[in-house]
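Nothing in this text is a laboratory measurement; each read-out follows from the coordinates by a stated rule. All values derive from a computational prediction rather than experimental measurement. FYI the Cβ positions are ideal-geometry reconstructions off the backbone, even for glycines, and counts take in every protein chain you see.
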Amino acid sequence: MREGTGPVYIGVFDMFKIGVGPSSSHTMGPMLASGLFLDLLRDSEVSARSVKCYLRGSLAFTGRGHATDRAVALGLLGFRPDTVDINKADAALGELKATRMLQVPGLGSLKFCPGEDVVFDTEELEGGHPNQLRFEALGDTPDVLVGQTYFSIGGGFVHTRAELDRLSAGEAREDEVPFGFRNASELLAMVEDSQLSIAQIMRENEVALRSPKAVDADLAAIWAEMDACISRGLAEHGTLAGGLGLRRRAPDIYRRLQTSLANDKRLPFASNDWLTVYAMAVNEENAAGGRIVTAPTNGAAGVVPAVLRFFLSHCLEDEKTYAEEAELVREFLLTAGAIGGLIKRNASISGAEAGCQGEVGTASAMAAAGLCAVLGGTPWQIENAAEIALEHHLGMTCDPVAGLVQVPCIERNGFGAIKAVAAASLALHGDGTHFMPLDNCIEAMRQTGLEMNSKYRETALGGLAVNVPNC
Ligand code: SF4
């Protein structure tokens, strides 16, 4: 097993970030990277006249379908994924296309044409991570004044080469947390020593980084965004953009579930249908570029909210007070966050690096752990639930048709949610002892991702992406 060398803590708010669709690595990350490059330019004090961005690796192959060029332009216009107002962003983008000029605070006017100055470069690729953006600022001559490559590693995380190297070396994050576990076995040992639950350990870590009030408020805000996203997706009709002509299905399925289908004895799968429709609602919103919470990515953003909404709306026997329900939400999200952090730290949550096992597989493991926790599972049962869910996603490729986060992504989130519930249920039938530890399963996922042909890692060059029917 691969051992990390230092206690890198990945917190619950690293796993759950509010942003926009359709992709954390191909939309949110690039938008953030644009802002980081402008900060770098301000610090460098050069007199730049224009900016260019080269998208490389998976960003070059599937960036059009993921609206990466739009995200880069919006980032340069000063928008951030967590606060962007889509209507204002569209208006600013329209103006930029007309003027081909950015007006950047502290930098003045910079020439930038979204259609020409974002280059989909499928030839060049540095080592590191396969999602790369190279920004260059030029003056009056073709010489590059300032250049920087950023790696968008999934879940909205963006790093420079130096930061990536520090992470690979397992260097500790500056913020100190009381429980700096590196893997599941260390986490379980800490549980045993401290007599705290996994959620309580995560909470102790989070309150070392921000006030207890802020932790509670931010977790509540995360759930409110997730829940609102489900509700929007259940109400919105229409055809998704991108050219596949896919209609949103969640609203019609939801309407049927509310009426006859749920009571139709020929279809005794109402639980599966509810889970699927909640997950699809989120991922249809994501595909439409709507407001989304990474969980742990945008492509896999439907699984955790679907399972949590299913639990709250369909599994509670007694009516809960607002405070009781809020406590259950916190326990679910903190536990799920712990598992997501372990997988990110020891393998990957990026489809471009590990295939869909790293996205929907991770989301399913997170949701299974969260559900197991709120159903009263012990920490050992929770670890078992996460392992079962992840194990049965191993080998799953990332092959989005036309580079859009639609096929297979939307339905796949429904199946990730169903597997999460099955995994939690199976774990709760045992006492937590089991054959395959979660750490070993995470390592298996890492190795499988490394050996997966790049055609199946978010390049849209293999699998379903090249077996599209002629319509
Ligand atoms: S196939 Fe999976 S990993 Fe790939 S874009 Fe879709 S959800 Fe993300």
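How large is ³J(HN,Hα), in whole Hz, for each residue of the range 287-295 in order, when computed from phi with the Karplus curve 6.51 cos²θ - 1.76 cosθ + 1.60 and θ = phi - 60°, using x for Gly and Pro?
So the Karplus estimates, Gly and Pro as x, are 4, 7, x, x, 6, 9, 10, 4, 7 Hz.
Please report, in Å, the Rg and the Dmax of the range 351-396, where both are computed over Cα atoms only.
Expressed in Å, the Cα Rg and Dmax of the range 351-396 come to 11.0, 35.
Through the Karplus equation 6.51 cos²θ - 1.76 cosθ + 1.60, θ set to phi - 60°, convert the phi angles of the range 404-415 into ³J(HN,Hα) values in whole Hz; use x for Gly and Pro.
These are the phi-based 3J(HN,Hα) values: 8, 8, 10, 10, x, 4, 5, 5, 4, 5, x, 5 Hz.
Starting at the first residue of the range 37-50, write each ³J(HN,Hα) from the Karplus equation 6.51 cos²θ - 1.76 cosθ + 1.60 with θ = phi - 60°, in whole Hz, x for Gly and Pro.
Each residue of the range 37-50 in turn: 5, 5, 4, 4, 4, 4, 5, 7, 6, 7, 9, 7, 10, 8 Hz.
Evaluate 2.2 N^0.38 Å with N set to the residue count of the range 423-471, then give the Cα radius of gyration divided by it.
Normalised Cα radius of gyration, the range 423-471: 1.80.
Can you give the net charge of the other residues whose Cβ lies under 13 Å from the Cβ of Glu359, counting K and R as +1 and D and E as -1?
Once positives and negatives cancel, what remains is 0.
When a footprinting reagent is the concern and you count Cβ atoms within 10 Å, what order do Ile198, Ile86, Ile442 take, fewest first?
Result, fewest neighbours first: Ile86, Ile442, Ile198.
Kirkwood hydrodynamic radius, computed over distinct alpha-carbon pairs, for the chain: how many Å, to one decimal?
One decimal place: 22.5 Å for the Kirkwood radius.
Which chymotrypsin sites (Phe, Trp or Tyr not before Pro) in the range 287-396 pass both tests, a DSSP loop state and at most 11 other beta-carbon atoms within 10 Å?
Sparse-neighbourhood loop chymotrypsin sites (Phe, Trp or Tyr not before Pro): none present.
Using +1 at the C-beta of Lys and Arg and -1 at the C-beta of Asp and Glu, which of Pro305, Val191, Phe181 has the Cα lying farthest in the positive direction of the dipole of the range 176-466?
Towards the positive end, the residue furthest out is Pro305.
Starting from the Kirkwood radius over alpha-carbon pairs of the range 24-154, derive D by Stokes-Einstein at 20 °C in a medium of 1.002 mPa s and give it in µm² s⁻¹.
148 µm²/s
Amide H neighbours of Met101 under 5 Å, counting only residues 5+ apart in sequence or on other chains, H built in-plane at 1.01 Å?
The list, which skips near neighbours in sequence, is Phe112.
Express in nm, to one decimal, how much length is gained between Phe269 and Ala228 on full extension, taking 0.36 nm for each residue of separation and deducting their alpha carbon distance.
Length difference between fully extended and current span is 12.3 nm.
If we sort 31-44, 270-283, 393-406 on the protection proxy, mean other Cβ atoms within 10 Å, highest first, what's the order?
For the peptides 31-44, 270-283, 393-406, the packing ranking is 270-283, 393-406, 31-44.
Determine the alpha carbon to alpha carbon distance for each of Lys17/Lys320; Lys17/Lys419; Lys17/Lys213; Lys213/Lys419; Lys52/Lys88; Lys213/Lys344 and list only those over 30 Å.
Going by Cα-Cα distance, Lys213/Lys419 fall outside the 30 Å limit.
Give the range of the longest stretch in the chain that excludes all GluC sites (Glu not before Pro) found in loop regions by DSSP and having at most 10 other beta-carbon atoms within 10 Å.
Result for the longest clean stretch: 320-471.
Around Leu145, which amide H atoms from residues at least 5 apart in sequence, or from another chain, sit under 5 Å from its own amide H, with H modelled in the peptide plane?
Placed amide hydrogens put Ala137, Leu138, Gly139 under 5 Å from Leu145.
Give me, ordered by chain and number, the residues 5 or more places off Arg249 or on other chains with an amide H under 5 Å from its own placed amide H.
none
At 0.36 nm per residue, and after removing the present C-alpha to C-alpha distance, how many nm does the segment from Asp165 to Arg42 gain when stretched out fully?
Answer, rounded to one decimal: 41.8 nm.
If we count other beta carbons within 10 Å of each Cβ, what is the order of Ile292, Ile222, fewest first?
The fewest-first ordering by Cβ neighbours comes to Ile222, Ile292.
Roughly how many Å is it from the Cα centre of the range 366-399 to that of the range 300-316, as a whole number?
14 Å
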